[in-house]
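J.: One structure follows; several queries about it will come next.
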Amino acid sequence: MEVYNAFLEKVGEITLLVEHQRQPIGYDSEEVARKFNDMGLLGKLDRIDTGLEQIISPELRKMIESVNHARNCMEHRRGIVQERDFHGNEALVVSWRGTNVFRRSTTGVETTIETLPVVLEPGEALGIKMVNREKQFQLGETISFSPVDASEIGLTFFLHSHDIVKAIRENIGTPKSDVEG
């Protein structure tokens, strides 16, 4: 989360530059930048959306918000869930984007692969697809994530970062790079 926050501060600088071009003379961009850096993660995301005049990846953003709620619980309550962590739910709900490996049969039926190695029959294929994952933590429960969960949560931040960069490029008219696709 801290690395993502640092990334958002750099994105905020770019957003403020874009926004500065639209402002009248006397606009204090240094003061706006100082206020931006003092914001929390969600405030920064709101400010970036406002500066770019669009909501960037609402579904991924909700996932990042849920991870941020878990982070706050781990930081301030040693990961022990309290009612204040529920945010309108019956539990602390953390969601993220993950991947599933699947086998596609010759008839087109897809079956998720749970263990490796896997032997394919002639004409079968393997594939990977993005899926949404969710984990719920009840009152008094301690938050924990598996290494795979943590890796996939990182993927969620990467995907959202990619969408932010794409929105900046679209906003300032910069062409796509070869890497971006």
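The values are calculated or read from the model by the stated rules, or taken from the named source; none is laboratory data. These figures come from a predicted structure and were not determined experimentally. Virtual Cβ from ideal backbone geometry, glycine too; neighbours counted across all protein chains shown.
J.: Of all residues in segment 128-173, count the ones that are more than 22 Å from N5 (Cα to Cα), small (G, A, S) and at pLDDT 95 or above.
T.: 2
J.: Determine, yes or no, whether S161 is surrounded by fewer than 15 Cβ atoms within 10 Å (Cβ to Cβ) and within 21 Å of T99 (Cα to Cα).
T.: Judged against the criteria, S161 is not a match.
J.: Can I ask one more? Scanning for something farther than 24 Å from P58 by Cβ and in a loop (DSSP other than H, G, I, E, B), does segment 145-154 turn up at least one residue? First the steps, then the outcome.
T.: Restricting attention to segment 145-154, the residues satisfying the condition of being farther than 24 Å from P58 by Cβ are 146-148.
Add one more test, that the residue is in a loop (DSSP other than H, G, I, E, B), and what stays is 146.
Yes, segment 145-154 has at least one match.
Per-residue answers, yes or no, for (1) in contact with a Cys (Cβ under 8 Å, 6 or more places away or on another chain); (2) at pLDDT below 90; (3) buried (at least 18 other Cβ atoms within 10 Å of the Cβ):
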{"position": "T15", "(1), (2), (3)": "no, yes, yes"}
{"position": "E31", "(1), (2), (3)": "no, yes, no"}
{"position": "K35", "(1), (2), (3)": "no, yes, no"}
{"position": "T50", "(1), (2), (3)": "no, yes, no"}
{"position": "P58", "(1), (2), (3)": "no, no, no"}
{"position": "M63", "(1), (2), (3)": "no, no, yes"}
{"position": "V67", "(1), (2), (3)": "no, no, yes"}
{"position": "A70", "(1), (2), (3)": "no, no, yes"}
{"position": "E83", "(1), (2), (3)": "no, no, no"}
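J.: Another one. Are there any pairs with C-beta distances below 6 angstrom linking a residue in segment 80-92 that is within 17 Å of M63 (Cβ to Cβ) to a residue that is β-branched (V, I, T), with the two at least 6 apart or on different chains, and if so which?
T.: Cβ pairs passing all conditions: L92/V81.
J.: Now a separate question. Report yes if some residue within segment 55-77 is assigned to a loop (DSSP other than H, G, I, E, B), within 18 Å of the chain's Cα centre (by Cα) and free of Cβ contacts under 8 Å to residues at least 40 places away in the same chain; otherwise report no.
T.: So far as segment 55-77 goes, yes, one or more of its residues are assigned to a loop (DSSP other than H, G, I, E, B), within 18 Å of the chain's Cα centre (by Cα) and free of Cβ contacts under 8 Å to residues at least 40 places away in the same chain.
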